[in-house]
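Below is one structure, written out as structure tokens; comments come after it.
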Amino acid sequence: LRAEPPAPRGRTAPATVFSAGRALDDLRFLLGEDPAPHPAGTAEAAAVRSRLIELLGARGLRLEEAPRFAAGGRGAGHVHNLVLEIPGASEERVLVMAHTDSVGAGPGVADDLAGVAAVVEAVRARLAQGPLERSLLVVFTDAEEDGLHGAAAFANQDPRFDEVVCVLNLEARGCRGASIMFQVGPRSGDLVRR
């Protein structure tokens with residue numbers, strides 16, 4: 001029973017709380033009329049990013065397009081990350097991320113557009129609560145399925161990463177069951193308690 005997720009809140013939940021109903025609406029929008037696989041480098045991947053830009057733009061938030069070249073263990077290529085920076089009282093940044101690409105065999109609903117929609121809704125709810133203590137950096141990475149190329153490009157090439165004090169990455173670990181924290185970095189006890 002302790003592992004059960006809380007009951008999902010519907011679309012009419014207060015603006016200051018996360019709503020699974022609103023996140024589901026965002027997920028459906030991101031998938032588009034005809035959900036299809038959207039691996040990095042495809043027109044379908046570009047369409048997903050375009051819908052994400054439109055979705056956040058309608059909420060008054062502007063995503064910065066951050067194309068980069070990345071190389072790693074499984075190849076190299078151009079990645080198309082999207083970045084949203086929201087200033088807070090402190091220059092310290094909390095980084096929240098999810099990836100927009102999918103594998104070639106499926107439409108990427110669980111891995112990871114559900115994570116993208118959850119980030120969008122969480123940001124919306126947090127901004128409704130008022131000013132931020134720390135700056136918030138939201139990065140929607142590309143080419144995760146190709147070897148974390150988008151995340152590596154951001155971490156290695158964007159100077160804002162140097163001010164990051166905490167990273168929260170929403171990623172898939174299956175298609176059902178409770179959401180769980182499955183990996184933490186060193187000295188994360190205080191963060192886990194919070």
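The values are calculated or read from the model by the stated rules, or taken from the named source; none is laboratory data. A quick note: this is a predicted structure, and the numbers were derived from the prediction, not measured. FYI the Cβ positions are ideal-geometry reconstructions off the backbone, even for glycines, and counts take in every protein chain you see. Areas reflect the complete protein model, heavy atoms only, side chains present, ligands, DNA and RNA absent. Shrake-Rupley method; radii C 1.70, N 1.55, O 1.52, S 1.80 Å.
For Val83, indicate whether it is open to solvent by less than 40 Å² (accessible area, probe 1.4 Å), in contact (Cβ under 8 Å) with a residue 24 or more places away in the chain, assigned to a strand (DSSP E or B) and touching a helix residue (DSSP H, G or I) at 6+ places or on another chain (Cβ under 8 Å).
Numbers: open to solvent by less than 40 Å² (accessible area, probe 1.4 Å): yes; in contact (Cβ under 8 Å) with a residue 24 or more places away in the chain: yes; assigned to a strand (DSSP E or B): yes; touching a helix residue (DSSP H, G or I) at 6+ places or on another chain (Cβ under 8 Å): yes.
So Val83 fits the description; yes.
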Next item on the list: Please tell me if Ser102 is open to solvent by less than 20 Å² (accessible area, probe 1.4 Å), under 22 Å from Val48 (Cα atoms) and touching a Pro at 6+ places or on another chain (Cβ under 8 Å).
Entry: yes
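Would you confirm, using the coordinates I've provided, whether Gly88 is assigned to a helix (DSSP H, G or I), open to solvent by less than 30 Å² (accessible area, probe 1.4 Å) and at pLDDT 95 or above? Before you say what the answer is, go through the steps one by one.
Numbers: assigned to a helix (DSSP H, G or I): no; open to solvent by less than 30 Å² (accessible area, probe 1.4 Å): yes; at pLDDT 95 or above: yes.
It is false that Gly88 is assigned to a helix (DSSP H, G or I), open to solvent by less than 30 Å² (accessible area, probe 1.4 Å) and at pLDDT 95 or above.
Output the residue which, of all residues in the range 137-166 that are over 28 Å from Glu44 (Cα atoms) and not aromatic (Phe, Trp, Tyr), is surrounded by the most Cβ atoms within 10 Å (Cβ to Cβ). I'd like the intermediate steps shown before the answer.
Of all residues in the range 137-166, those over 28 Å from Glu44 (Cα atoms) come to 159-166.
Those still in the list that are not aromatic (Phe, Trp, Tyr) too: 159-160, 162-166.
Working: Pro159: 6, Arg160: 15, Asp162: 8, Glu163: 14, Val164: 18, Val165: 13, Cys166: 14.
Once the filter is applied, the top-ranked residue is Val164.
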Item checked: Output for the range 157-176, where each listed residue is out of contact with any Ser or Thr (no Cβ under 9 Å at 6 or more places or on another chain), touching a residue at least 60 places away in the same chain (Cβ under 8 Å) and either more than 22 Å from Gly88 (Cβ to Cβ) or assigned to a loop (DSSP other than H, G, I, E, B) (or both) -> Gln157, Asp158, Glu171, Ala172, Gly174, Cys175
Notebook entry, point to check: What are the residue pairs meeting all of these: first residue in the range 17-37, first residue closer than 16 Å to Gly108 by Cβ and without any contact (Cβ under 8 Å) to a residue 24 or more places away in the chain, second residue part of a helix (DSSP H, G or I) and hydrophobic (A, V, I, L, M, F, W, C), Cβ atoms under 7 Å, and 6 or more apart or on different chains?
Noted result: Gly32/Ala47
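Filter the range 44-58 down to residues that are within 18 Å of Ala23 (Cα to Cα) and among the small types (Gly, Ala, Ser) and give me whichever is surrounded by the fewest Cβ atoms within 10 Å (Cβ to Cβ).
Of the residues in the range 44-58, the ones within 18 Å of Ala23 (Cα to Cα) are 48-58.
Narrowing further to those that are among the small types (Gly, Ala, Ser): 50, 57-58.
Details: Ser50: 11, Gly57: 11, Ala58: 9.
Among residues in the range 44-58 that are within 18 Å of Ala23 (Cα to Cα) and among the small types (Gly, Ala, Ser), the one surrounded by the fewest Cβ atoms within 10 Å (Cβ to Cβ) is Ala58.
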Margin query: Take the residues in the range 59-80 that are among the aliphatic types (A, V, I, L, M) and open to solvent by less than 30 Å² (accessible area, probe 1.4 Å); name whichever of them is modelled with the lowest pLDDT.
Written below: Ala70
